[in-house]
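Student: Pasting a structure below so you can have a look.
The values are calculated or read from the model by the stated rules, or taken from the named source; none is laboratory data. Nothing here was measured: the structure is a model prediction, and the numbers come from that model. With ideal geometry, Cβ positions are generated from the backbone for all residues, glycine too; neighbour counts draw on all protein chains shown. Areas reflect the complete protein model, heavy atoms only, side chains present, ligands, DNA and RNA absent. Shrake-Rupley method; radii C 1.70, N 1.55, O 1.52, S 1.80 Å.
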Amino acid sequence: MKFVFAEHVLDVDRRELRRGGKPVALEPQVFDLLVYLVRNRDRVVSKDDLLEAVWGGRIVSESALTSRITAVRKAIGDNGAEQRLIRTVSRKGLRFIGAVREEEELLRKLAAIFVADVEGYSRLMGQDEVGTLRRLTACRAVLDERIAAFRGRVFGSAGDSVIADFASAVDAVQCALAVQEALVTEERMRFRIGVHVGDVIVQGDNLFGDGVNIAARLETLAEPGGICISGTVRDQIGTKLPVTLADLGEQQVKNITQPIRAYRVGSAAAAASVAPATALVQPVATTREASDSGTATAPRLSIVVLPFANLSNDPEQDYLADGITEDLTTDLSRISGSFVIARNTAFTFKGMAVDIKQIASALGVRYVLEGSVQRAGDDIRVNVQLVDAEEGAHLWADRFDTDRRNLVDAQREITGRVARSLSLELVKDLGRRIEQERAVDPDSRDLVMQGYAAWYRPRSVRNNEEAERIFRRALAIDPRSTDAKIGIAKILVSNVTQAWSRSAEGDTERAERLLLDVLEYDTGSALAHSTMGMVRRFQNRLTESRFEFETAIALDPNDTYAHIQLGWVLLYLGDPAAAVVRCEKAIRLSPRDPQLWGYHLPLGWCLLLSNNVDPAVDRLIGSRALNPRLWHIHFALAAALGLSGAAEDAKTALAEMLKLKPEANSLAQFRALRPWGNPQYWALFEQTAAVGVRRAGFPDQ
């Protein structure tokens, strides 16, 4: 709420007083006293009223009260002689007499809206008013119970209709499935349900806007006993729920300008798919929880490539076993329809005695590929076995004797054997290497593997320098090595990201030249496209960055890096809902990633900028716990805490941030240090994050 009087704006929510647009510093008790006077301007407030309202009834000296009143007058340009705005009423008290205009701040948030009503309700009432009302009351009890169980909130109810909002599209759809399951035996009273995710206006306990209206229109498209969802909801639930959706195409609905993509769940044609899905009548674990607990259903073509063991009796040869593991992971990711656990999660099992069934259950996969590498000079022996973890059966095992020059062919053969064993259709050019890479000098290829071994060590200036040195040696031996060029570009991009670069602009330009050279000859390199996506992001060419990451994902659907970075770009494009989908996909692909803090961080930002404050705080606390060394994590957490009302905790987070990044000492400096984003993003930032840090005392300039 804002109160406007004279040249002043009193913002109660932000606890700010501005005069002529400039902030006026006020002590907390002085601010509270002014707010109380303005709110009660229709009457004279007594000394006892002020003591109760501002000091909670505590005994306060006359001089203390007088000094606070004097401070209020001074802050608003008034004084005891003129009494232009605050009048003293002899032996009665004070009254605010200035003309005041109230302005209620328009708040928006992203919400999943659930709308349900009864098919043919007027007809039923005409036939049997008492019986229909009795049935409706019983059905409403079911609806209210299911909505509460899935963390929803009813904010509208008229006659036979119910409108609720949820923080998650998954929760809203699961609730709809549970409602229809619970009411399946109710033959005479059948509900239709519509679900949409969109931007809504918050006014008190109510919600308004197209987000609500579209959900209501979708409800009319649902069949009795069925559910209709928007394309936005379909994108957010992805494969999280075992349902089949009938695509209704673009629908032009009443009073909505743009056509809405609609999907029907629960129709007669989809009944077979709805029946098992509606068994989920209780709230289920999140994607990560389900994966960790082993309760998730493994996708049919899901696999993890465990780190191959080094049997060479030489720890220096670890890089070779690791490189073969990574290459096989990448090759398998290019099989159509595959779901391959990311390298970072798989490598958390390196050197461990593992139980195949337990690992598969924990990661939510069906197949496990494991093996070993033994090297003697240029000769290399690779042992591989593929296990069906659900059945506990070895599908095949084989040994491949090769050398460094023919190692790529051996890897292609292994990948092909896996695909044939699983009866998969191979994509064209399954092997990751393009034909020209067959001629790359084996010494150069060996150095590239060593470079990536250095790259995957804990991130530091020293490790980056070593990785770059090795990649440059590889490129010097063979200027045709696209992998060496991409490796150098990745180091340059990493240095810019971590603020280790002596010239961010120069390093970005060098990375761009290397990647353009690669893509001129190999447009099918997912790694080159994803690295170029980062270059375009640093240049704030966000639409081009989005295209690069989407191209990388099309080439390698299991690339967690591309998914998480696309999430950041979508956020900077002002679309946090779409960004959440990418972040959740990355977590599913790599649930044990050592860099998991980097997945929780963008999720936290998305929730924060969508004004879902409490879950944002949870995500950001998790990110900070996993990596307390990054200053911008502390900033995001401070913003979320401030927005939640925990101002003191927010101040503590800001203090930690300033220890790590002293120059990030104002909102203006934050924008300069992290300048990416379009106007929509910065508008969301201003409505949420900026409000949060201001409440913690963070300055604008």
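Student: Please state the relative contact order of region 110-182 as a whole percent: Cα pairs under 8 Å, 6+ residues apart? Provide the component values of the computation, followed by the final result.
Tutor: On the way: 80 pairs, mean separation 31.6, N = 73.
Rounded, it is 43 percent for region 110-182.
Student: Can you tell me the alpha carbon radius of gyration of region 49-185 divided by the globular rule-of-thumb value 2.2 N^0.38 Å?
Tutor: Details: Rg = 27.5 Å, N = 137, 2.2 N^0.38 = 14.3 Å.
Here the answer is 1.93, to two decimals.
Student: Quick one: grab Rg to one decimal and Dmax as a whole number for region 493-620, Cα atoms only, in Å.
Tutor: 14.8, 48
Student: Cα to Cα, under 15 Å, and not fewer than 8 places away if on the same chain: which aspartates and glutamates meet these conditions relative to residue 357?
Tutor: 292, 370, 388, 390, 391
Student: Kindly identify region 1-41 as rounded, prolate or oblate by the Cα gyration tensor criterion: order the square roots of the eigenvalues as a ≥ b ≥ c, call it rounded if a/c is under 1.5, otherwise compare a/b with b/c, prolate if a/b is larger, else oblate. Kindly include the intermediate steps, with their values, before the conclusion.
Tutor: On the way: a/c = 1.65, a/b = 1.17, b/c = 1.42.
Oblate is the answer for region 1-41, as a/c is 1.5 or above yet b/c matches or exceeds a/b.
Student: In Å², what does the accessible area per residue of the chain work out to with a 1.4 Å probe? Walk me through the numbers on the way to the answer.
Tutor: Working: 31510 Å² over 701 residues.
Counting only protein heavy atoms, the per-residue value for the chain is 45 Å².
Student: Here's another thing I want to ask about it. Step through the residues of region 626-636 one at a time and calculate ³J(HN,Hα) from phi using the Karplus curve (6.51 cos²θ - 1.76 cosθ + 1.60, θ = phi - 60°), rounding each to whole Hz and writing x for Gly and Pro.
Tutor: 7, 8, x, 8, 9, 5, 6, 5, 5, 5, 4
Student: Restricting to DSSP loop positions (anything but H, G, I, E, B) with no more than 15 other Cβ atoms inside 10 Å of their own Cβ, which trypsin sites (Lys or Arg not before Pro) remain in region 482-518?
Tutor: Details: sites: 485, 490, 502, 510, 513; in loops: 502.
Passing both the DSSP loop test and the Cβ count: 502.
Student: Here's something else I'd like to know. With +1 assigned to the C-beta of every Lys and Arg and -1 to the C-beta of every Asp and Glu, and no other charges, what is the dipole magnitude of the chain about the Cα centre in debye, to the nearest 20? Please report the intermediate quantities before stating the final value.
Tutor: Working: 88 positive and 93 negative charges, 460 e Å.
The calculated dipole for the chain is roughly 2200 debye.
Student: Of 149, 112, 83, which is farthest towards the positive pole of region 69-175's charge dipole, taken about the Cα centre with +1 and -1 on the beta-carbons of Lys, Arg and Asp, Glu respectively?
Tutor: Positive-most Cα among the choices belongs to 83.
Student: Follow-up question, since we're still on this one. Restricting to Cα atoms and excluding each atom paired with itself, what does the Kirkwood estimate give for the chain in Å? Write out the running numbers ahead of the final one.
Tutor: Details: mean 1/r = 0.0344 Å⁻¹.
Evaluated over the chain, this radius sits at 29.1 Å.
Student: Would you please give the residues with an amide H less than 5 Å from that of residue 395, counting only those at least 5 places away or on a separate chain, with H modeled from the backbone geometry?
Tutor: Sorted by chain and number, the residues that satisfy this are 386, 387, 388.
Student: Out of the GluC sites (Glu not before Pro) in region 611-667, which ones are loop residues according to DSSP with at most 11 other C-beta atoms within 10 Å?
Tutor: Details: sites: 648, 656, 663; in loops: 663.
The qualifying sites are 663.
Student: If you add up the charges near residue 93, with Lys and Arg at +1 and Asp and Glu at -1, over every other residue whose beta carbon is less than 13 angstrom from its beta carbon, what do you get? Working shown, then result.
Tutor: Working: positive: 41, 43, 47, 87, 91, 92, 95; negative: 48, 49, 52.
Overall, the nearby charge balance is +4.
Student: Which of the residue pairs 2/22; 240/585; 109/651; 350/585 have a Cα-Cα distance greater than 18 Å in the structure shown?
Tutor: 109/651; 350/585
Student: Rounded to whole Hz and in sequence order, give me ³J(HN,Hα) for region 229-237 from the Karplus expression 6.51 cos²θ - 1.76 cosθ + 1.60, θ = phi - 60°, writing x for Gly and Pro.
Tutor: Residue by residue, region 229-237 yields 10, 7, x, 4, 5, 4, 5, 6, 7 Hz.
Student: Extension gain residue 7-residue 67, at 0.36 nm per residue separation less the Cα-Cα distance, in nm?
Tutor: Working: separation 60, 0.36 × 60 = 21.60 nm, distance 2.33 nm.
Taking 0.36 nm per residue and subtracting the Cα distance, the gain is 19.3 nm.
Student: Would you mind getting me the FRET efficiency between residue 129 and residue 208? Use the beta-carbon distance for r and R0 = 25 Å, nearest 0.05. Numbers along the way, then the final one.
Tutor: Values: r = 31 Å, r/R0 = 1.26.
It comes out at approximately 0.20.
Student: Also, I was wondering about something else. Assuming R0 = 51 Å, what is the FRET efficiency of residue 140 and residue 97, from their Cβ-Cβ distance, to the nearest 0.05? Walk me through the numbers on the way to the answer.
Tutor: On the way: r = 50 Å, r/R0 = 0.98.
Once rounded, the FRET efficiency stands at 0.55.
Student: In whole Hz and in residue order, list the ³J(HN,Hα) couplings for region 126-135 that follow from phi through the Karplus curve 6.51 cos²θ - 1.76 cosθ + 1.60, θ = phi - 60°; x for Gly and Pro.
Tutor: Per residue, the Karplus-derived 3J(HN,Hα) values read x, 7, 7, 4, 5, x, 5, 5, 5, 5 Hz.
Student: Determine the shape class of region 436-553: with a ≥ b ≥ c the square roots of the Cα gyration tensor eigenvalues, call it rounded for a/c under 1.5, and otherwise prolate if a/b is greater than b/c, oblate otherwise.
Tutor: Values: a/c = 1.93, a/b = 1.18, b/c = 1.63.
Oblate.
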